[in-house]
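Here's the structure, in structure tokens; my notes come after.
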Amino acid sequence: MKRLIIPLLAVATLGYPFLVVGALSYGLGEWLAMVMLALLLLRSWLQPQQRLISLAGMLLIGAYAITRNEVLLHWYPVLINATMLLLFALSLRQQQSMIECLARLRQPTLPVAARPYLRRVTQVWCGFFVINGSIAATTVLLANQQLWLWYNGFIAYLLMALLLLAEWLIRPKSEPANDH
């Protein structure tokens, strides 16, 4: 079941802006809210590390379900950026930053010398979440659904991919010692 649900959650999350615009265009906002609430509840259960983000999303979508205020659905990307900013920023107060924790999932024995770099990358992501969340909020406040859809459904993901690529390109590479 987990193998089916987690990819479905990823598709729903990535496609959220398109799902919102489509559902609202056909008067299916309530159905979308029910499906999203169920998916977020499943994500909270299946991916405990995503619990805070899932809970925040459930609160926002639940508020829409109660009020039927469609604008609430548009604030979800802003909420996700704010939640990610909070998680990444709080990790900077810990011994291991968020990026270090994520890096240790792939390479448990990272050199101590990598820590300052990983902390800096976490700070860069914090900056990204501030800027991205601010732009996402602007798209909501401008009340232009097409702009909201394009930014939150495409441009924001493109910017994340560019940041990941840039980090990968400038990442210090471990090279074997060369005594020549």
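Taking neighbour Cβ counts within 10 Å as the exposure measure, how do V121, V21 sort from fewest upward?
Fewest-to-most Cβ neighbours within 10 Å comes out as V21, V121.
What percent of all Cα-Cα pairs in the chain falls into each 5 Å bin, going from 0 up to the bin containing the maximum distance?
1, 7, 14, 18, 18, 15, 11, 7, 4, 2, 1, 1, 0, 0, 0
Would you please report the Å³ per residue occupied by the convex hull of the alpha carbon atoms in the stretch 75-172?
In the stretch 75-172, the Cα hull volume divided by residue count equals 92 Å³.
Sort S91, S54, S97 so the one with the fewest other Cβ atoms within 10 Å of its own Cβ comes first.
In increasing order of surrounding Cβ atoms, one gets S91, S54, S97.
Can you tell me the relative contact order of the chain? Whole percent, Cα pairs under 8 Å, sequence separation 6 or more. Write down the numbers at each step before the final one.
On the way: 148 pairs, mean separation 35.6, N = 180.
Worked out over the chain, it gives 20 percent.
Given the options V71, V112, V124, which has the most mean-square fluctuation in a GNM of the chain, springs set between C-alpha atoms less than 10 angstrom apart?
Looking only at V71, V112, V124, the biggest GNM fluctuation is shown by V112.
When the chain is treated as a GNM, springs tying every alpha-carbon pair under 10 Å, which of M84, M160, M58 comes out with the largest mean-square fluctuation?
Among M84, M160, M58, the largest GNM mean-square fluctuation belongs to M160.
Along the charge dipole of the stretch 75-172, Cβ charges K/R +1 and D/E -1, which of S97, W168, N81 sits furthest on the positive end?
S97
Would you mind computing Rg(Cα) / (2.2 N^0.38 Å) for the stretch 54-93, counting N as its residues?
Values: Rg = 11.9 Å, N = 40, 2.2 N^0.38 = 8.9 Å.
After normalising by residue count via 2.2 N^0.38 Å, the value is 1.33.
Would you mind working out the magnitude of the charge dipole of the chain relative to its Cα centre, with +1 at each Lys and Arg C-beta and -1 at each Asp and Glu C-beta, to the nearest 20 Debye?
The calculation lands at about 440 debye.
For the stretch 1-73, taking Cα atoms only, what is the radius of gyration to one decimal and the Dmax to the nearest whole Å?
Radius of gyration, then largest Cα-Cα span, for the stretch 1-73: 11.9, 34 Å.
For the chain, with a Gaussian network of springs between Cα atoms less than 10 Å apart, report the residue from Q107, Q146, Q96 with the top mean-square fluctuation.
Q107
With 10 angstrom as the radius, rank F88, F18 by how many other C-beta atoms surround their C-beta, starting from the fewest.
Numbers: F88 21, F18 13.
With the sparsest Cβ surroundings first, the list reads F18, F88.
Nearest 20 debye, what's the magnitude of the dipole of the stretch 1-100 about its Cα centre given +1 on Lys and Arg Cβ and -1 on Asp and Glu Cβ?
Computed charge dipole of the stretch 1-100: roughly 260 debye.
Values in this text are rule-based calculations from the coordinates and carry no lab data. Predicted model only: the values in this text are computed from it and were never measured. Cβ sites come from the backbone with ideal geometry, for glycine too, and all protein chains shown count toward neighbours.
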